[in-house]
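In what follows, a single structure is set out as C-alpha cells and then discussed.
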Amino acid sequence: MKTNVAVFYGCRSVEHEVSIISAVQAMRAIDREKYDVTPVYVTKDGEMYTGSDLFTIEEYRNMPELLKKCKKVYLVKENRNVVMKYENAGLFSSKKPVNIDVAFPVVHGTNCEDGTIEGYFEYLGLPYVGCDIISSAVGMDKAIFKDVLKGAGLPVLDCVCFRAREYMTDKESITAEITEKIGFPLIVKPVNLGSSVGITKVNAIEELDDAITLALSFADRILVEHAVSAIREINCSVLGDTDSCTASVCEEPFMNDEILSYEDKYMGNSKNGGQSKGMASLGRKIPADLSEEKSKEIRDLACKIFKAIGASGVVRIDFIIDTETDTVYANEINTIPGSLAFYLWEASGIKYPELCDRLIELAFRRQRSRENLTFTIDTNILSGISFGTKGSKGAKM
Ligand SMILES: Nc1ncnc2c1ncn2[C@@H]1O[C@H](COP(=O)(O)OP(=O)(O)O)[C@@H](O)[C@H]1O
Ligand SMILES: [Mg+2]
C-alpha cells in the first residue's frame with residue numbers, strides 16, 4: 001500500500017492565497033508511484049475540505065463553487081492511527097474514512113506556520129513534514145529569531161522591539177530610544193508577518209508614527225531596525241535536520257521599489273501576464289552573482305542558523321548584504337518557504353519530486369527518533385488514591 005500524504009494548506013493567514021499556490025505546486029510534484037496525496041484545504045474559518053478538484057489551480061478562481069464540489073472533513077485518532085472522516089457521511093456513504101500516514105503542511109504565516117498547525121499534528125501524534133513547534137515559532141517571530149541568533153553569535157541587525165500598549169502609553173520615550181539606538185533611515189516591521197505586509201521604510205522622524213501605526217494594525221509587537229541603503233538581498237535554502245543539512249545555491253531577488261513588496265513577490269512578473277506562480281514567479285538571479293567566498297560564507301551561515309533554531313525539512317533564509325561594508329546579516333527565516341523553494345533545489349540538482357520525497361522521509365525519521373523517547377511513565381500512584389470524606393465533598397460526578 002502506498003503512503004498516504006495529506007497536504008494541509010490555506011488556513012487563517014494573510015498569506016492564505018499564496019499557500020494555495022505553493023500547495024497545488026507541491027501536490028503536483030509528489031511522486032504518485034510512491035505516494036497517495038490527500039488535499040486538505042483549510043478555509044479562512046478553519047474548516048477542512050477535501051476533493052479531487054483541489055488539485056487544479058484554476059478551480060480556486062471561484063471558491064464557493066469549488067467548495068460545493070468538495071467534502072468537509074475532520075481528523076480523529078482511532079486505534080493509534082489518524083483517520084480523516086467525512087462530515088455527514090452516513091453508514092452507507094461511499095465516503096469511507098481515510099488513513100493519514102503523514103501530514104505535509106504547506107501553509108504560510110501566522111495561525112499556521114508559526115507552530116500552530118505543527119502543534120495540531122503533535123497533538124494527534126501524526127508524523128509531519130518540516131520544522132517542529134518551537135523552531136516554527138522562533139522562525140515566525142522576527143525579534144525572537146534575532147535574539148536566538150545573537151545568542152549563537154550569528155550576525156543580525158540590532159533592533160528596538162516594543163508592544164502596542166507600551167507605544168500607546170509612552171510614545172515619547174520609545175521614539176527617543178529608536179532615534180538614539182537606530183537612527184534614520186529605518187525600517188518598521190510587525191514581528192510576525194510575511195510578504196512585506198505592514199513594513200515601511202522611514203526616512204525622517206515625521207514619518208515614524210504613521211509607519212508604527214500601520215504596523216500595529218497587523219501585529220501587537222513591532223520591531224524597528226536600521227535600513228540598509230546599499231542593500232543586496234540574498235536568499236538561500238537549507239534542507240535536512242539538525243544532524244545533517246545542506247544549503248542550496250543562493251538567489252538574488254529583484255525588487256521594483258525600495259523594499260521587496262508583496263507585489264514584487266507574487267504579482268510582479270509581467271512576463272507571465274500577471275499570473276502568479278507564487279515565490280517561483282519572482283524576478284531573481286539564480287545562482288546569485290557572488291564571489292565563491294561570499295557564497296560559501298552565506299551557505300555556511302545558513303546551515304548554522306538552521307541548526308541554531310533546531311529547524312527541520314526545507315527552509316529559506318533571507319540575508320541582507322550591506323555592500324558599503326560587505327557585511328552579511330541574517331534577515332529572516334521562512335520555515336515553510338513560498339513554493340517550498342523548489343526552484344533553488346532544482347538549480348542545486350534536486351528535482352521537485354525528490355525534494356518532496358526527502359521531506360517526507362525526514363518526517364518519518366523524526367517520528368522514529370521521537371518514538372524512542374519516553375512520554376509516559378507507568379506508575380501505580382492512582383491505585384490506592386482517595387481524597388477522604390472532606391475532599392469528596394461536592395465532587396460527585
Ligand atoms: N534592514 C533593512 N534594510 C533595508 N531593507 C530592508 C530591511 N529589512 C527589510 N527590508 C526590505 O523589506 C523587505 C521585507 O522585509 P522582511 O524582513 O524580509 O519581511 P517579510 O517577512 O515581510 O518578507 C525585504 O525583502 C527588503 O526588501
Ligand atoms: Mg522577506
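The values are calculated or read from the model by the stated rules, or taken from the named source; none is laboratory data. Everything quoted here is computed from the prediction, not taken from an experiment. Glycine gets a Cβ as well: all are built from the backbone with ideal geometry, and neighbour counts include every protein chain shown. In case anyone asks, the SASA skips ligands and DNA or RNA and just uses the protein heavy atoms, side chains included. Shrake-Rupley method; radii C 1.70, N 1.55, O 1.52, S 1.80 Å.
Below is a table of values for the structure above.
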{"read-out": "Scan of the range 101-110 for residues that are more than 17 Å from LYS142 (Cβ to Cβ) and open to solvent by less than 10 Å² (accessible area, probe 1.4 Å), ordered by number", "value": "VAL102, ALA103, PHE104, PRO105, VAL106, VAL107"}
{"read-out": "Any chance LYS71 is open to solvent by 30 Å² or more (accessible area, probe 1.4 Å), closer than 21 Å to VAL107 by Cβ and assigned by TED's automatic domain parsing to the domain that holds GLU17", "value": "yes"}
{"read-out": "Some residue of the range 111-119 being in a helix (DSSP H, G or I) and open to solvent by 40 Å² or more (accessible area, probe 1.4 Å)", "value": "yes"}
{"read-out": "Count of residues meeting criterion [within 15 Å of ligand 2 (Cβ to nearest atom), open to solvent by 40 Å² or more (accessible area, probe 1.4 Å) and out of contact with any strand residue (DSSP E or B) (no Cβ under 9 Å at 6 or more places or on another chain)] in the range 194-225", "value": "0"}
{"read-out": "Failed criterion for VAL18 (all others in (1) open to solvent by less than 10 Å² (accessible area, probe 1.4 Å); (2) out of contact with any His (no Cβ under 7 Å at 6 or more places or on another chain) hold)", "value": "(2)"}
{"read-out": "Filtered residues of the range 199-230 (kept if within 17 Å of CYS159 (Cα to Cα), of a type outside the set (D, E, K, R) and near ligand 1 (Cβ under 10 Å from one of its atoms))", "value": "ILE199, THR200, LEU223, VAL224, HIS226, ALA227, VAL228, SER229"}
{"read-out": "Residue check, ASP53 open to solvent by 70 Å² or more (accessible area, probe 1.4 Å) and either assigned to a strand (DSSP E or B) or free of Cβ contacts under 8 Å to residues at least 60 places away in the same chain (or both)", "value": "no"}
{"read-out": "Condition met for ASN79 (of a type outside the set (D, E, K, R) and at pLDDT below 95)", "value": "yes"}
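For (1) at pLDDT 95 or above; (2) within 15 Å of ligand 1 (Cβ to nearest atom); (3) not acidic (Asp, Glu), each residue gets a yes or a no:
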position	(1), (2), (3)
LEU282	no, yes, yes
ALA308	yes, no, yes
ARG316	yes, yes, yes
ASP326	yes, no, no
TRP345	yes, no, yes
ALA363	yes, no, yes
